[in-house]
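Colleague: One structure coming up, written as structure tokens, with questions to follow.
The values are calculated or read from the model by the stated rules, or taken from the named source; none is laboratory data. Bear in mind that the values here come from a model prediction, so they are computed numbers and not experimental data. Every residue, glycine among them, receives a Cβ derived from its backbone with ideal geometry; neighbour counts consider all protein chains shown. Protein only, heavy atoms only, side chains kept; ligands, DNA and RNA dropped before computing areas. Shrake-Rupley method; radii C 1.70, N 1.55, O 1.52, S 1.80 Å.
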Amino acid sequence: MLKIKTPKTLKAKRALDKRAPKLVENAKKTLILHGTKTSCVLNAVLAQIFHLKKGLAVKFSRKNENIRPFESSGETSLEFFSLKTDCSFFVFGSHSKKRPNNLILGRMYDHHIYDLVEVGVENFTPIESFKYDKKIAPRQGSKPFFAFIGENFESVDELKHLKEVLLDHFRGEIVENLNLTGVDRVFVCTAISSTTVSFKHCAIRLKKSGTSIPRIELIEVGPSMDLVVRRHRLPNEAVKKQAMKAAPMQPRKIKNVSRDEVKGKIGKIYMPDQQVGGLALSNNIKGLKRERREGKMKDKRDDHDLSKKMRTEESL
Amino acid sequence: MEAEKYQIDLGNLMAYDPSHHFQPLPSSREELSRQCLEKGTELVQGVVNALFSLPSTEDLDGPIVRLPEPSTRLPREKHLPRPKPPTKWELFAKMKGIKNRKKDKRVFDERTGTWKRRYGYDRVNDDRDVPIIEAKMTDEPGEDPFSKRMDEKKKRVDKQEKNRLQNLKQAFKAGDLPSHIQLAATALPITGTQKVIPKKASKEELEGVAGMAATATASGGKFDKKLPGEKPAKHTGKHRKFLPVVEGKGMGAQEKEQTEKILNKLMARSSHDILDVDRAVTMFNVKTEKQRKREKEVSLPSTSNKLKSKKKTFKSSSKKKQ
């Protein structure tokens with residue numbers, strides 16, 4: 001006999017709906033975990049990757065013996081964790097004599113493994129070893145820039161795959177509107193050789209230039225490491241085709257516009273309640289922008305008090 | 001530095017320089033990282049140039065630009081939502097051309113003369129509000145019409161639930177169950193492509209299967225390495241009993257008995273198992289003999305009554321008159 005189970009509370013229903021497949025998807029979360037043995041370096045790497053992705057990552061602290069992503073039976077545990085935590089990316093760290101400081105970056109489609117890239121971490125420098133002014137430190141959750149340098153990213157298959165995986169992993173949320181003052185960080189990836197990529201995380205400082213476009217200065221901030229590609233597994237062709245299917249584009253709904261046979265196109269405008277009696281009258285508004293403040297000071301200095309005041313009141 | 005053509009993906013804020021080679025690989029790490037940063041600065045400057053040239057709107061926090069769609073296509077996280085298969089009613093309505101009419105939440109109640117809800121608390125045609133039900137010619141005497149109404153309602157509700165379950169099963173088969181509903185014999189994954197509902201195996205079943213698997217080796221599972229804490233497998237099958245090679249004094253013709261038993265079972269299709277003919281005949285013979293003996297005793301009064309101990313017969317059959 002089958003029973004229909006529905007959530008008893010609205011909160012539970014909302015949580016389930018959040019995890020459901022949608023046309024426009026949520027930001028993908030990352031699962032960070034490690035296998036039976038990890039090295040000191042690898043622990044630091046995993047911790048700092050978790051720090052980079054703070055809002056959208058889950059870090060497991062126990063060791064997992066039966067996870068071997070490249071073997072056919074070693075991925076069931078990973079898929080189960082991915083299902084329970086709703087994570088589509090995973091970073092699996094392990095250390096062995098054959099593969100020291102091993103990091104497996106993987107992606108999931110429908111909570112089954114889509115593709116994997118195995119890299120070795122070399123020359124790791126943690127965040128603590130960089131000295132910089134704390135004011136320019138990138139804020140948590142800001143959208144990063146990406147700079148990929150090197151012809152090898154196009155010519156070598158593995159590096160091409162790694163480029164896609166790195167872009168996907170560190171992209172963060174997909175936003176439509178970006179605040180230009182909030183550009184904070186950049187990930188610089190250089191293909192040093194046909195197997196190694198140097199990965200750096202820098203903060204962006206915008207400097208005044210003559211034009212409206214500011215000049216960029218990069219200051220190295222975060223962890224920097226060299227990633228040596230060891231193995232990789234490309235996605236299955238059929239699954240890839242399904243995963244790359246774009247959602248059908250829905251035309252934007254135009255609100256408050258309608259057509260009438262006689263009058264033609266009609267629009268509706270909603271006016272807010274206008275309270276004429278309660279307008280602000282004072283000129284000493286705290287926190288005016290610097291230019292306006294300076295302009296006001298200059299006006300006060302020139303002795304056109306009354307006429308200037310009348311003009312500024314009208315402009316308000 | 002000449003402005004080289006970088007591949008810029010504004011939606012992802014990415015810039016890629018495909019034409020850079022590290023011809024002479026820099027000797028030291030500092031030199032390498034300095035060059036990386038230099039190149040990176042150029043690329044980011046390129047992106048920022050493109051970004052600041054987009055039309056921006058002024059906001060409280062600063063200028064806000066509307067980013068274009070990312071040009072690098074990246075795979076989705078979950079599958080696209082599949083269209084729900086139409087329910088039985090939807091198919092029927094489509095066939096008949098029945099359109100859904102929007103109903104009002106408030107309906108005017110004739111009986112009380114007020115506006116009431118169409119459903120829910122204090123609704124229009126509530127079964128409990130009816131005080132008198134007039135008897136019809138077709139009604140049987142002795143039948144409670146109020147309970148009959150309640151039964152009918154219960155039946156309607158059950159039928160609706162059954163139909164709903166059927167519709168959900170159809171949706172599950174098509175792979176598109178609504179995200180907040182789970183069909184459970186056991187808990188199912190909400191997403192994922194599992195098509196079969198796994199039946200919950202009981203503890204006894206699992207133990208039985210595990211026992212069978214454990215003893216399915218050439219040596220009956222005796223020399224297999226056991227995991228820490230594993231209990232020995234249970235043998236719930238029949239143990240074979242072998243007859244002794246040489247028969248002792250007390251046992252007689254056991255092999256004959258065994259084969260006879262088997263033969264009887266094989267040949268006993270038509271015979272009645274309830275009655276064992278030989279035994280019945282023996283019992284009858286014994287009874288008749290005893291009866292004759294008693295009759296003889298009664299007819300010839302025994303001289304030595306005292307010597308003979310009167311045996312009480314506990315058998316109820318001796319009391320029966322034949």
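Colleague: Taking region B:136-167, which residues are loosely packed, with under 12 Cβ neighbours inside 10 Å and either on the phi > 0 side of the Ramachandran plot or touching a Ser or Thr at 6+ places or on another chain (Cβ under 8 Å) (or both)?
Modeller: Residue satisfying the conditions is B:GLY142 alone.
Colleague: Return the only residue of A:ARG230, A:ARG259 being more than 10 Å from chain B (Cβ to nearest Cβ), open to solvent by 70 Å² or more (accessible area, probe 1.4 Å), closer than 30 Å to B:GLY40 by Cβ and assigned to a strand (DSSP E or B). Give the steps one after another, and end with the answer.
Modeller: Numbers: A:ARG259 fails: closer than 30 Å to B:GLY40 by Cβ.
Of A:ARG230, A:ARG259, the one residue that is more than 10 Å from chain B (Cβ to nearest Cβ), open to solvent by 70 Å² or more (accessible area, probe 1.4 Å), closer than 30 Å to B:GLY40 by Cβ and assigned to a strand (DSSP E or B) is A:ARG230.
Colleague: Identify, please: which residue in region A:165-189 is farther than 19 Å from A:ALA137 by Cα and open to solvent by 20 Å² or more (accessible area, probe 1.4 Å) and is, among those, farthest from the other protein chains (Cβ to nearest Cβ)?
Modeller: Here the residue is A:GLU173.
Colleague: Being over 27 Å from B:LYS154 (Cβ atoms) and free of Cβ contacts under 8 Å to residues at least 12 places away in the same chain is the filter here, so list the residues in region B:101-143 that pass it.
Modeller: Listed by number, the residues that qualify are B:ARG101, B:LYS102, B:PHE108, B:GLY113, B:THR114, B:TRP115.
Colleague: How many residues does region B:152-171 hold that are within 10 Å of chain A (Cβ to nearest Cβ) and either outside any helix (DSSP H, G or I) or among the hydrophobic types (A, V, I, L, M, F, W, C) (or both)?
Modeller: Within region B:152-171, residues that are within 10 Å of chain A (Cβ to nearest Cβ) and either outside any helix (DSSP H, G or I) or among the hydrophobic types (A, V, I, L, M, F, W, C) (or both) number 2.
Colleague: Further question on the same structure: Quick check: anything in region B:85-92 open to solvent by 30 Å² or more (accessible area, probe 1.4 Å), away from chain A (no Cβ under 12 Å), in contact (Cβ under 8 Å) with a residue 40 or more places away in the chain and part of a loop (DSSP other than H, G, I, E, B)?
Modeller: The answer is yes; a qualifying residue exists.
Colleague: Within region A:197-206, can one find any residue that is modelled with pLDDT of 90 or more, of a type in the set (Gly, Ala, Ser) and crowded, with 19+ Cβ neighbours inside 10 Å?
Modeller: Yes, some residue in region A:197-206 is modelled with pLDDT of 90 or more, of a type in the set (Gly, Ala, Ser) and crowded, with 19+ Cβ neighbours inside 10 Å.
Colleague: Being within 60 Å of the chain's Cα centre (by Cα) and either hydrophobic (A, V, I, L, M, F, W, C) or open to solvent by 70 Å² or more (accessible area, probe 1.4 Å) (or both) is the requirement here; does B:PHE22 meet it?
Modeller: Values: within 60 Å of the chain's Cα centre (by Cα): no; either hydrophobic (A, V, I, L, M, F, W, C) or open to solvent by 70 Å² or more (accessible area, probe 1.4 Å) (or both): yes.
Against the criterion (within 60 Å of the chain's Cα centre (by Cα) and either hydrophobic (A, V, I, L, M, F, W, C) or open to solvent by 70 Å² or more (accessible area, probe 1.4 Å) (or both)), B:PHE22 does not qualify.
Colleague: Sticking with this structure for a sec: Among the residues of region A:123-134, is any without any contact (Cβ under 8 Å) to a residue 12 or more places away in the chain and open to solvent by less than 10 Å² (accessible area, probe 1.4 Å)?
Modeller: no
Colleague: Okay, moving on. Quickly run through region A:60-90 and pick out the residues that are touching a helix residue (DSSP H, G or I) at 6+ places or on another chain (Cβ under 8 Å) and closer than 15 Å to A:TYR114 by Cβ.
Modeller: Result: A:PRO69, A:CYS87, A:SER88, A:PHE89, A:PHE90.
Colleague: Which members of region A:149-162 meet the condition of being within 8 Å of chain B (Cβ to nearest Cβ), on the phi < 0 side of the Ramachandran plot and either open to solvent by 30 Å² or more (accessible area, probe 1.4 Å) or not in a strand (DSSP E or B) (or both)?
Modeller: A:GLU151, A:PHE153, A:GLU154
Colleague: Determine, yes or no, whether B:PRO55 is open to solvent by 70 Å² or more (accessible area, probe 1.4 Å), within 14 Å of chain A (Cβ to nearest Cβ), out of contact with any Lys or Arg (no Cβ under 7 Å at 6 or more places or on another chain) and closer than 30 Å to B:LYS173 by Cβ.
Modeller: For B:PRO55, the condition - open to solvent by 70 Å² or more (accessible area, probe 1.4 Å), within 14 Å of chain A (Cβ to nearest Cβ), out of contact with any Lys or Arg (no Cβ under 7 Å at 6 or more places or on another chain) and closer than 30 Å to B:LYS173 by Cβ - is not met.
Colleague: Next up: Answer yes if at least one residue in region A:173-194 is more than 24 Å from B:LEU74 (Cα to Cα) and in a loop (DSSP other than H, G, I, E, B), and no otherwise.
Modeller: For region A:173-194, residues more than 24 Å from B:LEU74 (Cα to Cα) and in a loop (DSSP other than H, G, I, E, B): present.
Colleague: Let me confirm something: among A:PHE70, A:PHE146, which residue is part of a strand (DSSP E or B) and touching a residue at least 40 places away in the same chain (Cβ under 8 Å)?
Modeller: A:PHE146
Colleague: Same structure again: Return the pair list, or none, for Cβ contacts closer than 7 Å from residues in region A:1-14 that are of a type in the set (S, T, N, Q) to residues that are modelled with pLDDT under 95, at least 6 apart or on different chains.
Modeller: From residues that are of a type in the set (S, T, N, Q), the pairs are A:THR6/B:HIS180; A:THR6/B:ILE181.
Colleague: For a quick check of your reading of the model, give me the residue pairs whose first member lies in region A:22-35 and is free of Cβ contacts under 8 Å to residues at least 24 places away in the same chain, whose second is open to solvent by less than 50 Å² (accessible area, probe 1.4 Å) and assigned to a loop (DSSP other than H, G, I, E, B), with beta-carbon atoms closer than 7 Å and at least 6 apart or on different chains.
Modeller: A:GLU25/B:ARG76; A:GLU25/B:GLU77; A:GLU25/B:LYS78
Colleague: From the list A:GLU71, A:GLU128, which residue is under 30 Å from A:PRO21 (Cα atoms) and out of contact with any Cys (no Cβ under 7 Å at 6 or more places or on another chain)?
Modeller: Testing whether each residue is under 30 Å from A:PRO21 (Cα atoms) and out of contact with any Cys (no Cβ under 7 Å at 6 or more places or on another chain) leaves just A:GLU71.
Colleague: What number of residues within region B:34-50 are more than 7 Å from chain A (Cβ to nearest Cβ) and of a type outside the set (Lys, Arg)? Quick ask: steps written out before the conclusion?
Modeller: Keep residues of region B:34-50 that are more than 7 Å from chain A (Cβ to nearest Cβ), which gives B:34-35, B:38, B:42, B:46, B:50.
From what's left, of a type outside the set (Lys, Arg): B:35, B:38, B:42, B:46, B:50.
Selection size over region B:34-50: 5.
Colleague: Between a first residue in region A:205-231 that is free of Cβ contacts under 8 Å to residues at least 60 places away in the same chain and a second residue that is among the small types (Gly, Ala, Ser) and open to solvent by 30 Å² or more (accessible area, probe 1.4 Å), which pairs have beta carbons less than 9 Å apart while being 6 or more apart in sequence or on different chains?
Modeller: A:ILE213/B:SER53; A:ARG215/A:SER209
Colleague: Moving to a separate point now. A:THR38 versus (1) open to solvent by 70 Å² or more (accessible area, probe 1.4 Å); (2) more than 14 Å from chain B (Cβ to nearest Cβ); (3) in contact (Cβ under 8 Å) with a residue 40 or more places away in the chain: which is the lone unmet condition?
Modeller: Tallying (1) open to solvent by 70 Å² or more (accessible area, probe 1.4 Å); (2) more than 14 Å from chain B (Cβ to nearest Cβ); (3) in contact (Cβ under 8 Å) with a residue 40 or more places away in the chain, A:THR38 fails exactly one: (1).
Colleague: Now for a different question. Among the residues of region B:71-83, which ones are within 7 Å of chain A (Cβ to nearest Cβ) and under 20 Å from A:HIS169 (Cα atoms)? Step through it out loud before you land on a result.
Modeller: First pass over region B:71-83, keeping only residues within 7 Å of chain A (Cβ to nearest Cβ): B:72-81.
Residues satisfying the conditions are B:THR72, B:ARG73, B:LEU74, B:PRO75, B:ARG76, B:GLU77, B:LYS78, B:HIS79.
Colleague: Do we find a residue being farther than 30 Å from A:THR30 by Cα and either open to solvent by less than 80 Å² (accessible area, probe 1.4 Å) or not aliphatic (A, V, I, L, M) (or both) anywhere in region B:62-71?
Modeller: yes
Colleague: Considering only residues of region A:73-109 that are without any contact (Cβ under 8 Å) to a residue 12 or more places away in the chain and not hydrophobic (A, V, I, L, M, F, W, C), which is least open to solvent (accessible area, probe 1.4 Å)?
Modeller: Filtering first and then ranking leaves A:GLY74.
Colleague: Considering only residues that are of a type in the set (A, V, I, L, M) and open to solvent by 60 Å² or more (accessible area, probe 1.4 Å), look in region A:12-34 and name the one that is nearest to the other protein chains (Cβ to nearest Cβ).
Modeller: A:LEU23
Colleague: Return the residues of region B:11-33 that are in a helix (DSSP H, G or I) and either polar (S, T, N, Q) or at pLDDT 90 or above (or both); say none if nothing qualifies. Spell out how you get there, then give the answer.
Modeller: Pass one, region B:11-33, residues in a helix (DSSP H, G or I): B:29-33.
Correct list: B:SER33 only.
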